[in-house]
Structures are given as C-alpha cells and as structure tokens.
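Asks: Let me begin by handing over the structure; questions about it come next.
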Amino acid sequence: MRMVVQRVKRAHVTVNGKTTGSIEQGYLVLLGIAPEDTEEIVRKMADKLLKLRIFSDEQDKINLSLLDVHGALLLVSQFTLYADCRKGNRPSFVHAAPPAQAETLYELCKAYCKRFVPVESGIFGADMQVEIWNDGPFTVVLDSDEIIKK
C-alpha cells in the first residue's frame, strides 16, 4: 500500500462537476493498493497515517498528528502510484491490485479512518479532479513495504 500524504488547509474532489468530498485542515491522501495488501496492512497503515505527526505545535515544532489537531481526511484512490516506468515511455500498472480487491481495501481504509476523524472521499475508479491548498507544502510518502515488516 502506498499513500501520498499532503498536509492541506483545504481540499476538494469533484467528479463530473459535482463535489464528492471536501475538507478544511487535514490530509489529502492519494491511496494506492498492491495485490499483496491485506486488511491487516490497511489497518496498520491507517494507524500510521492517523498518528503521523506533521502539524506544528505552539512552539512551531512539527509535533502534532491529525488526531491532535482534529483535522479531516480526504481519501482519493490512485492506482497510478504503482506505475512501473522502467521500460519504455508508457507506464505499466501490473503492480497495482485488481480493481475489485483495491476497491474493497480502499473502502475498508475509509471506514477504519472514519472511526477516528471526519473522512471525505472521491469515487473509486472515477475520473476525478482534485483541488488542494497545500499547507507548507508538506508532503510525505508512506509505503507499507518500508513501514510494515512482512
């Protein structure tokens, strides 16, 4: 599982001109699922995301999590995070999970995070337009291959 986490002042996603998700302070997360991802990996990665301390405290030290600042999450499916660009000029997506598996795990991630913070989202598999107001900008990549020992 890969997450591109962007700290935002606000963000929203639209599909066919209709807003499907909108947040103020929080994280915009582009989420990619791999074939070997499981429910356990989703839960561990979601915990890491929610506890990630990339907001500033009173001393302007990067020390607060999404939970600490009562922020929101805008979750957007993004299979292209698994693009393989090693050969030729057209990316291959063979390392992304099949759509049915990816959608199931994406929905699990969304439901799990909703237990702790407000969650908005795009529509899985749709052509989406995402507008963000980066805060910083501050962007980190969380990759389960690096975070979770398998």
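Asks: What part of the accessible area of the chain, given as a whole %, is carbon or sulfur when the probe is 1.4 angstrom?
Replies: With neighbouring chains kept in place, the figure for the chain is 50 percent.
Asks: Net charge around residue 82, counting only other residues with Cβ within less than 13 Å of its Cβ (Lys, Arg = +1; Asp, Glu = -1)?
Replies: That sum, taken over residues with Cβ under 13 Å, equals -3.
Asks: Here's another thing I want to ask about it. Using only the alpha-carbon atoms, how far is helix 99-114 inclined from the longest principal axis of the chain? Give it as 0 to 90 degrees, nearest 10.
Replies: It is inclined by approximately 10 degrees.
Asks: Using a 1.4 angstrom probe and counting only protein chains, how large is the accessible area of residue 9 in Å², to 10?
Replies: Residue 9 has an accessible surface of roughly 100 Å² with all protein chains in place.
Asks: Give me the 1.4 Å probe accessible area per residue for segment 25-150, excluding ligands and nucleic acids, in Å².
Replies: On the way: 7330 Å² over 126 residues.
Result: 58 Å² of accessible area for each residue.
Asks: Using the Karplus equation 6.51 cos²θ - 1.76 cosθ + 1.60 (θ = phi - 60°), what ³J(HN,Hα) coupling, rounded to whole Hz, does each residue of segment 86-93 give in order, writing x for Gly and Pro?
Replies: Calculated HN-Hα couplings, in order: 6, 10, x, 10, 9, x, 9, 10 Hz.
Asks: Continuing with the same structure: Check which residues have an amide H placed less than 5 Å from residue 135's amide H, if you skip close sequence neighbours.
Replies: When sequence neighbours closer than 5 places are left aside, the close amide H contacts are 7, 8, 9.
Asks: Kindly list the residues of segment 120-150 that lie in the label zone of residue 40, defined by a backbone N under 12 Å from the point 7 Å along the Cα-to-C-beta vector.
Replies: 149-150, by backbone N distance to the label point.
Asks: Still on this structure: Project the alpha carbons of segment 1-46 onto their principal axes and report the range along each, largest first, in whole Å.
Replies: If we take the Cα atoms of segment 1-46, the spans are 34, 24, 13 Å.
Asks: Would you please name the GluC sites (Glu not before Pro) within segment 35-143 that are DSSP coil residues with at most 14 other C-beta atoms within 10 Å of their C-beta? Don't skip to the end; give the middle numbers.
Replies: Values: sites: 36, 39, 40, 58, 103, 107, 120, 131; in loops: 36, 58.
Listed in order of number, the matching sites are 36, 58.
Asks: Here's a follow-up. So if we plug the beta-carbon distance of residue 83 and residue 116 into 1/(1 + (r/R0)^6) with R0 = 22 Å, what FRET efficiency do we get, rounded to 0.05? All intermediate terms of the calculation are to be shown ahead of the outcome.
Replies: Details: r = 30 Å, r/R0 = 1.37.
Approximately 0.15, to the nearest 0.05.
Asks: How many lysine pairs in the chain, separated by 8 or more positions in sequence or lying on different chains, have Cα atoms less than 21 Å apart?
Replies: 21
Asks: Here's another thing I want to ask about it. Bin width 5 Å, origin at 0, all Cα-Cα pairs of segment 1-77: what percent of pairs per bin?
Replies: 3, 14, 23, 22, 17, 12, 6, 2, 0
Asks: Please report the spacing between the Cα centers of segment 119-144 and segment 45-80 in Å, no decimals.
Replies: 12
Asks: Determine the sum of side-chain charges near residue 22: Lys and Arg each +1, Asp and Glu each -1, restricted to other residues whose C-beta is under 12 angstrom from that of residue 22. Walk me through the numbers on the way to the answer.
Replies: Working: positive: 10, 18; negative: 24, 120, 131.
Summing Lys/Arg as +1 and Asp/Glu as -1 gives -1.
The values are calculated or read from the model by the stated rules, or taken from the named source; none is laboratory data. These figures come from a predicted structure and were not determined experimentally. FYI the Cβ positions are ideal-geometry reconstructions off the backbone, even for glycines, and counts take in every protein chain you see. Note: accessible area is taken over every heavy atom of the protein model, side chains too, but ligands, DNA and RNA are not part of it. Shrake-Rupley method; radii C 1.70, N 1.55, O 1.52, S 1.80 Å.
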